[in-house]
Structure formats: structure tokens, C-alpha cells
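Asker: Below is a structure I'd like to ask you about.
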There are 2 protein chains.
Amino acid sequence: MDKQTVTIYDVAREAAVSMATVSRVVNGNPNVKPATRQKVLDVIDQLDYRPNAVARGLASKKTTTIGVIIPDLTNSYFSELARGIDDVAMMYKYNIILTSSDENHDKEMQVIDNLSAKQVDGIIFMGNQITDELRTAFDRTHAPIVLAGSVDPKHQVPTVNIDYVAAVTEAVSNLINRGNKRIAFVTGSMDESINRDYRLKGYKQALSEARIGFDDGLVFQTDYSYKAGYKLAKALQDVKATAAFVGDDELAAGVLNGLTDAGIRVPEDFEVITSNDTRFTEMTRPRMSSITQPLYDIGAVSMRLLTKLMNNESINEQTVVLPYGLKKRTSTK
Amino acid sequence: MDKQTVTIYDVAREAAVSMATVSRVVNGNPNVKPATRQKVLDVIDQLDYRPNAVARGLASKKTTTIGVIIPDLTNSYFSELARGIDDVAMMYKYNIILTSSDENHDKEMQVIDNLSAKQVDGIIFMGNQITDELRTAFDRTHAPIVLAGSVDPKHQVPTVNIDYVAAVTEAVSNLINRGNKRIAFVTGSMDESINRDYRLKGYKQALSEARIGFDDGLVFQTDYSYKAGYKLAKALQDVKATAAFVGDDELAAGVLNGLTDAGIRVPEDFEVITSNDTRFTEMTRPRMSSITQPLYDIGAVSMRLLTKLMNNESINEQTVVLPYGLKKRTSTK
DNA sequence: AGCAATCATGAAACCGCTTACTAATAATAT
DNA sequence: ATATTATTAGTAAGCGGTTTCATGATTGCT
């Protein structure tokens, strides 16, 4: 009934060698005479033997599995990162245990412990609120951790991202340069440090460089969804904004369409610039101008960095900052 | 230096009981005197003991981990399914090893063996070409498998999806009813049975019901991307189509925008209907009419079904077909 | 009080593999 | 030919749990 699993022991017996030898050939250990190796290989083939990765993990204390914590799988920003992670992980023969955190702090904590129990060799974390509690959870874990496309204000955890402050400054300055004085700042919750400590900082910096006063009323916090953006259109008019910087592309698409549907012409009467340069930017009409980020690369580099950490290789920089850009499309003049 | 991992053995010693007892309390086995249980619990707490899931997996032959094979993480269709899977998996305390197949057949095979080696308790497979080779790979695996949002023409593998033939028939008939005679059929490769055996069948059925001849020239195979759709606009005009049924939302968005940018008015001069009702449908202008599918539910139900299979519970139906609908938006008249 | 039935615990085998450490064989040097 | 050094291969001790089986402690019942 139940397919008999064939173990290393069976192979050893059949090939008339010890299990140690089988283990050696399976792991490519050179200390095996070619003839013996071939004999074992033949038996392996014949018996269709496949090493049990769990047993191997227990014995070797390496699972060749890493954990990836992602706030929202369906958010293009994160899924693009994940793709980069995935490709490189595959390249290095690692499997990925993917877990959603829903940006929920308790879940994040729980998930880390869970991954830890599963003995993952490393963890890639995406999420924008590195609390101290989270840090202690990181510390409890044996596995090295890297942050992908996220920020650690305290610069304690290895991280791969872009210079968000500079990017936002540039984006907003760009808006200012075309005469906009009342520029809305639209993002997710200010509890997230990427918004509070980075994007907002960039926004303020651009304003101050242009000697424009900061107006609290122009700051909008909402969730990262199309709907939320769509609903914001009215409020944006109420505060007499003539442009908006938006922290997420779906949110921006909502803003854009909400505005358009309300009869506001973009970009003639209102300019919109967004942040992540995901595929959404090309789909809307007008197409959305955006900060550009090497999304795939952020993921890929994170994973690469993690492999180094897992191998105890020396690292030059804990934090790697990738280049960003600005792409003009048709939602800005 | 290296944080000393505390094992069940340490707990046993400290609590002055045997490891068997510790194991019992950890696993909620009722055969433990309350006083003993409490004592052990205290020590566990005090030592911050966390069971090693790998060891547990080896001993119990259950890893509480399932494998999920996904063609493309960044495709909304699949990521929505994945979210459903993920939620239910979490509910049942399963972790997910997520692997991309890139629709690559060899990779799919390899990935299945790999998951199998990792001793996953079950597998959810998304992908639209269930070859016989793949079937044998499925068979080799001890773990039960269910197909999510995919089709098995031979109905051998447990599957959760919708009635694609009926859905497409309805969508195309809808187009026909408004006078369209030359309706393009735009999807991915005809190698995928979902296109060849289901969607195309529905398309032809609608035509034949309306006594419209089938024209090969109206069938377009391309890849599921915005760009591919965008480029198709010209060809669509060349064959004098007045409407299109499209098998993927991003692809449809491309078609739509390509048409619009070429000066064709949608829906006045050309109607477009798409298939997956993902978030893209709301973002384009005009908004895309679509077949609606309970994406999240397909994922969720698949996972639920898998849990039953993993527990050897009796199953009513191997194949569960969820309801679909048709949503009129503004890309159709 | 005496004996069976039930409950709580421990001893030890086992899960399938890795990895010292050791032994045997082969190669090289003297 | 003998001693010395490499190569190959085997032995066995874990890795950290689960689980069967046996045993001792309790409880129930007559």
C-alpha cells in the first residue's frame, strides 16, 4: 500500500558498502574510489533513492530552507521583491518558506518563532515597523536576517533598499519645480517608519529647500489600496492641493482614477507621482510618473547577502543601498 | 558565543521527569498528571524551550509543511489564489514552501521531487499543463496533491476551479448578443490545456450556438503580459475584429490600452471582456468587464481540501467547482 | 483488605542521515 | 623489504524528538 521509502541503509546493503560511503557519494565527498562511487550511484538509480531532507537537516543542522516574511503577497511591490528573492534562492538551492504577516505585529513575532522552530538557515524580512520587540525576536533566532525593501532606522539589521529620503525629495522637488505649492503627501500609516522617518522627511526637505511651509492638512494616511486612494480624491480637492506624492502604486492608481472620475484633469489640473514603479504605472491613463526602484534587484541582492551571512562570509557593508531614479510618464506635466 | 539550544532533554532533567513526559505535555497528551504538567510547563517557560520542528518531523513523519507550486508570483491571478491558500494553511498551522515554476515543465518536475525530499505533507499545484510525466511525478510523491485554479483534463487529480467552458461561453455569447460577429480570442499558449480544451471550447460553443463560423485568424496566442497585449492592438484591427475575449487581465489591460492608444474607442468601436476579475479590472479606463471568479476561495478551498486529504478524511468530490459570474464594467457596451 | 482496572511515568527503540574517529588498504619513501 | 604517509571505507555516536511497551502508582469495587 504505502510506497516503501528507501533509505540510505537500503542502498548501503544493496551496494555492499557502509551507509557512510553512500552518504559520501550523495554529498559529493571526494574520498571515494571512483569504482565504488559508480557502484553506489547505480544502486541509487536502480532503487530510486532520494535522501530525506528532514533527516539530513537534523543531522547536519542545515535545512537549506530560508524563511521569507511578506506583508502582502498580492501587493506588486512585495511580490516583485519576492521574485528576486526566489530566483536567487533557487540559484543557491534554497527553498523558501513564505509567510504572510499582514503587517500585523503579533503575527510577525509569531511567524519568526515559527520559522525559527523549523530551523530555517536564514530569514528575509519585509515590513516597515522594526520595533524593539521585533529586534529581540530577531536576536532570539539563530538564523541570520536581512531586511528587503524595508528600513531599520537604527541600522542594526542588514538591509537592502534605496535612499528613500533622497528619492522622495527629488520627486517632490520635481513637482515643486513646475510650480506646485500645495502638494499632498499620501501614504500608509505614519506608524511605519518608512513613512514617518523617511518619506515624510524627504517631503519636508523638498519643501524647505523651496521655502514652502509645511502644512499638516496636506498629509494623508490611509491603507495601501486602490479603494482608499479612490476615496481620497474629494479630500484632495478640499485642501486645494494641485499635486500629490503617493507612497504606493495601487494607492496612486486609486487617487488618479478618483480624481479623473471627479472631473479633474491629470496632469493639467493635478499632478500625481508615485513611488514603486510597478506594472500598475503603465496601465492607468494617464500613465503614472514614479520613483523607479530596482525591485527585482532589491530582492535578489537581499538573498545574495543572506547567503553570505549564512556562510559566515565577511560582509563589506551591512546595508546596501541600490540606485533609484525618476521616471516621467503622463501623470505629471 | 553560539546560543546554546535547549533540548527536550534539558527540560526533562530540569523538571526531573523523563523526556517522554515532556514530549507528552508539549503535544497536549492528556495522560499527564496536572501537577507534573505544570511543573514541566514552568521549566519550559523558564528555559525558553522551543521544540525543534525538524527533529519532530523526522520522528513523527509529519512536517506540518506543504508545498505550493506557482507559475508566477507576480501574476495577480495566482497571487490571489496564494492568499487564500496561505490564510487557510495558517489556520490549520501549516507552513508553506512556495516555489515558482515559471510554467517551465522541467522545473515543475524538479520542484516536485524537491518538495518530496523535504517531506512536505501535501502539495498544491497551480499550472495549466498536467502532462503524463507530471502525473508520474505526482504519483512518486507520498504527499497528496490538489490542483488550484487549474485543470486536469483527465480528472485524475483533485482539483478546485470553476466551469471554464461555461464561463467563456457565457462571456462570448454576451459579446455576440450585442451584435459582434468577429470576436477575437486572445490567450496564452494553446499548449496549455486550459486554453486549448476549455476556453477555446467555450468560445467555439458560443459561436456555434449563434451559428457563427469559426475563424482561425481570430485566435491569438501570446504570453500573459501587458506588453504582449499592447502589441496586439494592430493585429486585432487587421483582422477586423470588433471585440475580444481575453484570458488574462494584464494581457487584457494591454489590449485595451493598445487599442485606445491607437485611437480605437472602447467600448464603442471595440469591446473587451477579460477572465479573472483581478484588481486590474478596476484600474484601467474604461474599466474591464470580466468573468468573475472567487479567486481567494479557490485557493482557500484547495487548501481545505488538501487538509482533508492529508488526514485521510473521506472526500465527497475530488473535484470542486466553484461558481463564476459575469461582471459588466465599461469595456463592453 | 484484596484484586482488577486505570492512570501516570519511564526506558529504550527508532526516524534517516552526517560525521568524527578508527581501521584497513594502497602508495611512496627510505 | 620496511616504515611512513595517503586514501578509502567502516563503526558508531549523535541530531532532537515520538512512540511503543513495560512498570509502578492509584483508584475503584466487592
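Each reported figure results from applying straightforward, stated rules to the coordinates on display, with no laboratory input. Values in this document were obtained by computation on a predicted structure and should not be read as measured data. All Cβ positions, even for glycine, are placed from backbone atoms using ideal geometry, and neighbour counts span all protein chains on display.
Asker: Under 11 Å from the Cβ of A:D102, count the other residues' Cβ atoms, weight Lys and Arg +1, Asp and Glu -1, and hand me the total.
Answerer: Values: positive: A:K107, B:R83; negative: A:D72, A:E103, A:D106, A:E108, B:D86, B:D87.
So the environment of A:D102 carries a net charge of -4.
Asker: What relative contact order, as a whole-number percentage, does the range A:164-292 give when Cα pairs under 8 Å and 6 or more residues apart are counted?
Answerer: This gives 25 percent for the range A:164-292.
Asker: For A:G179, what charge total do you get from the other residues with a beta carbon under 11 Å from its beta carbon, if Lys and Arg give +1 and Asp and Glu give -1?
Answerer: Neighbourhood net charge equals +3.
Asker: At most 11 other Cβ atoms within 10 Å and a DSSP loop assignment: could you name the chymotrypsin sites (Phe, Trp or Tyr not before Pro) in the range A:38-79 that fit?
Answerer: Working: sites: A:Y49, A:Y77, A:F78; in loops: A:Y49.
When the chymotrypsin sites (Phe, Trp or Tyr not before Pro) of the range A:38-79 are filtered for loop state and at most 11 Cβ neighbours within 10 Å, nothing remains.
Asker: Here's a follow-up. What nm distances, shortest first, do you get from the label point of A:K227 to those in the other copies when the point sits 7 angstrom along Cα to Cβ?
Answerer: List, nearest first: 3.4 nm.
Asker: Could you work out the longest stretch of chain A that avoids the GluC sites (Glu not before Pro) located in DSSP loops with at most 10 other Cβ atoms within 10 Å?
Answerer: Answer - A:1-267.
Asker: Once the other residues with Cβ under 11 Å from the Cβ of A:I194 are scored (Lys, Arg +1; Asp, Glu -1), what is the net sum?
Answerer: Once all neighbours under 11 Å are counted, the net charge is -2.
Asker: Mind giving me the FRET efficiency for A:D191 and A:Q156? R0 is 22 Å, r the Cβ-Cβ distance, nearest 0.05 is fine.
Answerer: With a Förster radius of 22 Å, E is 0.70.
Asker: Considering only C-alpha atoms, what is the centroid distance from the range B:3-50 to the range B:149-180, in Å?
Answerer: About 55 Å separates the Cα centre of the range B:3-50 from the one of the range B:149-180.
Asker: Return a whole-number percent for the relative contact order of chain A, with Cα pairs under 8 Å and 6 or more residues apart as the contact set.
Answerer: Values: 610 pairs, mean separation 56.4, N = 333.
It comes to 17 percent, rounded to a whole number.
Asker: Let me ask something else. Just the Kirkwood number for chain B, please: inverse of mean 1/r across all distinct Cα pairs, in Å, one decimal.
Answerer: Evaluated on chain B, it is 22.3 Å.
Asker: For the range B:263-333, compute the orientation-averaged projected area of the C-alpha convex hull (one quarter of its surface), in nm².
Answerer: Computed as one quarter of the Cα hull surface, the answer is 5.6 nm².
Asker: Restricting to the protein assembly as shown, what percent of DSSP beta bridges are antiparallel, rounded to 5? List each step's numbers first, then the result.
Answerer: Numbers: 7 of 69 bridges.
Antiparallel bridges make up about 10 percent of those DSSP assigns within the protein assembly as shown.
Asker: With chain A rotated onto chain B, spot the residue of A whose Cβ lies nearest the axis and note the distance in whole Å.
Answerer: A:L98, 2
Asker: If a/c stays under 1.5 just call it rounded; otherwise compare a/b with b/c (prolate if a/b is bigger, oblate if not). Do that for the range B:164-292, with a ≥ b ≥ c from the square roots of the Cα gyration tensor eigenvalues.
Answerer: Cα axes put the range B:164-292 in the rounded bin.
Asker: Now a separate question. What distance in nm separates the two pseudo spin-label positions at A:E268 and B:A59, each 7 Å out from Cα along the beta-carbon direction?
Answerer: With each label placed 7 Å out from Cα toward Cβ, I get 7.4 nm.
Asker: Now for a separate question. With a ≥ b ≥ c taken as the square roots of the eigenvalues of the C-alpha gyration tensor of the protein assembly as shown, please select rounded if a/c is under 1.5 and otherwise prolate if a/b is larger than b/c or oblate if it is not? Present the calculation step by step, with values, prior to reporting the outcome.
Answerer: Working: a/c = 2.10, a/b = 1.29, b/c = 1.62.
Verdict is oblate for the protein assembly as shown.
Asker: What nm distance separates the two modelled labels at B:D48 and B:A16, each placed 7 Å from Cα along Cα→Cβ?
Answerer: Those two pseudo-labels are separated by 2.6 nm.
Asker: In addition: State, to one decimal in nm and shortest first, how far the label point of A:K328 sits from each corresponding label point in the other identical copies (label point: 7 angstrom along Cα-to-Cβ).
Answerer: Those label-point separations list as 4.3 nm.
Asker: Tell me the angle of helix B:226-238 to the major Cα principal axis of chain B, expressed in degrees between 0 and 90 and rounded to the nearest ten.
Answerer: Helix B:226-238 sits at roughly 20 degrees to that axis.
Asker: Still on this structure, please answer the following. Using alpha carbons only, how many degrees (0 to 90, rounded to 10) separate the axis of helix B:76-91 from the longest principal axis of chain B?
Answerer: Its long axis makes an angle of about 20 degrees.
Asker: Among the listed pairs B:K204/B:K333; B:K201/B:K231; A:K39/A:K308; A:K107/B:K308; B:K33/B:K61; B:K39/B:K62, which are separated by more than 31 Å between their Cα atoms?
Answerer: A:K39/A:K308
Asker: Can you tell which of A:I162, A:I44, A:I112 shows the greatest fluctuation in a Gaussian network model of chain A with Cα springs below 10 Å?
Answerer: Result for chain A, Cα springs under 10 Å: A:I44 fluctuates most.
Asker: Can you give me the angle between helix A:105-117 and the longest principal axis of chain A, using Cα atoms only, in degrees from 0 to 90, rounded to the nearest 10?
Answerer: The angle comes out near 20 degrees.
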